[in-house]
Amino acid sequence: MRGVRTWSVAVRSPTAEQLARGEREIPAGGIAVHTYPFSSALRRHRVLRLPLLRGVVALGGSMAIGMRALYISANAQLAGGSDDAAPPADGEAAAGGGEALSGAAWTGALVVSFAFAIGLFFVVPVGLVSLIKSQLHSSTLFWLIEGFVRTAIFLGYLLLLSRLRELRRVFEYHGAEHKTIACHEGGLELTPENAAGFSRLHPRCGTSFLLIVMIVAIFVFAPIGLPAWYWLLATRILGVPLIAGISFEIIKLAARHRDRTWVRAVMAPGLALQRLTTREPDHSQLAVAIAALRAVLEIESGDRQTAADLIGLEVVA
């Protein structure tokens, strides 16, 4: 969970007995909460708050926090605990015993992940449509088909992930994040029983953002026309920051007018997609999400104790 000046990650660690048996399905240990200061570059540098540019910076900051949180959670399950978010030196074990992920292994995994995402969602679609480029005779038709292929790959990828048993608990925790935030925004006490009554779908979810990215990409690439194949590939890679910036501005606009009928209609497909990337959590998972949110609120609420006062902190999952 991230606030304005603080971010926190809560992890339910497996017990020593589960680690010995190699169990991962139902972690039953205690909840370890890690809280860190968050200083956005947007607050430190006025120029970074310019439209389009601020979206790229905000996305980069969110991804950096997400990667550190993943590192903490991965090491907690590998070694039964994690005391720090900084990657350890090669071969160093995480707290609690066992073999932790090395810094080099983690960095390599991130590089491969980013390359895979850009390749799958931007390079592969333009490559496939380029195979029939000579038969289209129209740049408009080319980018329409490319956009359709890109969106189809994205939806197929989400559908595949949603069917993987190994990711089910990840999606359940994702649903727990959304329910916990909705409970807080609804002004109710943060308890698993209260949070369970809220929807697992949330308008600020990253799934909705990604769908907007897929759609915006169609219009960003349209003016480029049909240059040589190597220019097509280069624009698809170099255009990613611009697409992210435009998508961020659309999300901000929608947030300011989310009570409007047209905004709800535009955001409806993104909310529907969250049915693939979230699952109904149990109370133990809601307790983990609540622990993370409480850690942020304890630091950032100060003397403001109502949910209405804290909405401006843009607590997000």
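Of these, G66, G61, G119, which one is part of a helix (DSSP H, G or I), farther than 21 Å from L161 by Cβ, at pLDDT 80 or above and not aliphatic (A, V, I, L, M)?
G61
Would the stretch 281-304 turn up any residue that is closer than 23 Å to I145 by Cα and among the hydrophobic types (A, V, I, L, M, F, W, C)? Full working, then the answer.
Of the stretch 281-304, the ones closer than 23 Å to I145 by Cα are none.
Among the residues of the stretch 281-304, not one is closer than 23 Å to I145 by Cα and among the hydrophobic types (A, V, I, L, M, F, W, C), which makes the answer no.
Quick test of your reading of the structure: I212 fulfils all but one of (1) closer than 20 Å to A58 by Cα; (2) among the aliphatic types (A, V, I, L, M); (3) more than 23 Å from the chain's Cα centre (by Cα). Name the failing condition by number.
That leaves (3) as the condition not met.
So, G30, is that one modelled with pLDDT of 80 or more, more than 22 Å from R168 (Cβ to Cβ), surrounded by fewer than 20 Cβ atoms within 10 Å (Cβ to Cβ) and out of contact with any Ser or Thr (no Cβ under 6 Å at 6 or more places or on another chain) or not? Walk me through how you get there before you give the answer.
On the way: modelled with pLDDT of 80 or more: yes; more than 22 Å from R168 (Cβ to Cβ): yes; surrounded by fewer than 20 Cβ atoms within 10 Å (Cβ to Cβ): yes; out of contact with any Ser or Thr (no Cβ under 6 Å at 6 or more places or on another chain): yes.
Against the criterion (modelled with pLDDT of 80 or more, more than 22 Å from R168 (Cβ to Cβ), surrounded by fewer than 20 Cβ atoms within 10 Å (Cβ to Cβ) and out of contact with any Ser or Thr (no Cβ under 6 Å at 6 or more places or on another chain)), G30 qualifies.
Cβ-Cβ below 6 Å, separation at least six or inter-chain, first residue in the stretch 279-295 and of a type in the set (V, I, T), second assigned to a helix (DSSP H, G or I) and surrounded by 18 or more Cβ atoms within 10 Å (Cβ to Cβ): which pairs?
Listed pairs, sorted by first residue: I290/T180.
Out of the residues in the stretch 151-207 meeting the condition of being among the basic types (K, R) and not in a helix (DSSP H, G or I), tell me which one is surrounded by the fewest Cβ atoms within 10 Å (Cβ to Cβ).
That would be R163.
Take A94 and tell me if it is modelled with pLDDT under 80, in a helix (DSSP H, G or I) and buried (at least 16 other Cβ atoms within 10 Å of the Cβ).
no
What's the total number of residues in the stretch 250-265 that are surrounded by fewer than 16 Cβ atoms within 10 Å (Cβ to Cβ) and in a helix (DSSP H, G or I)? Give the derivation first.
Taking the stretch 250-265 first, the residues surrounded by fewer than 16 Cβ atoms within 10 Å (Cβ to Cβ) are 252-253, 255-262, 264-265.
After this cut, where a residue has to be in a helix (DSSP H, G or I) as well, the list is 252-253, 255-256, 261-262, 264-265.
Of the residues in that region, 8 qualify.
Do you know which of the residues in the stretch 266-305 that are at pLDDT 90 or above and assigned to a loop (DSSP other than H, G, I, E, B) is farthest from G175 (Cα to Cα)?
Result: D282.
Can you run down the residue pairs with Cβ atoms below 9 Å, 6 or more apart or on separate chains, where the first is in the stretch 120-146 and closer than 14 Å to P227 by Cβ and the partner is in a helix (DSSP H, G or I) and of a type in the set (G, A, S)?
Once the first residue is closer than 14 Å to P227 by Cβ and sits in the stretch 120-146, its partners that are in a helix (DSSP H, G or I) and of a type in the set (G, A, S) give S139/A222; F142/S130; W143/A222; E146/S130; E146/A217.
Residues of the stretch 140-190 being small (G, A, S) and in contact with a Phe, Trp or Tyr (Cβ under 9 Å, 6 or more places away or on another chain), which ones?
To start, the set of residues in the stretch 140-190 that are small (G, A, S) comprises 147, 152, 156, 162, 175-176, 182, 186-187.
Of everything in the stretch 140-190, those that are small (G, A, S) and in contact with a Phe, Trp or Tyr (Cβ under 9 Å, 6 or more places away or on another chain) turn out to be G147, S162, A182, G186.
The values are calculated or read from the model by the stated rules, or taken from the named source; none is laboratory data. None of the values given here were measured: they were computed from a predicted structure. Quick reminder, even Gly has a Cβ in these numbers, built from the backbone with ideal geometry, and neighbours come from all protein chains shown.
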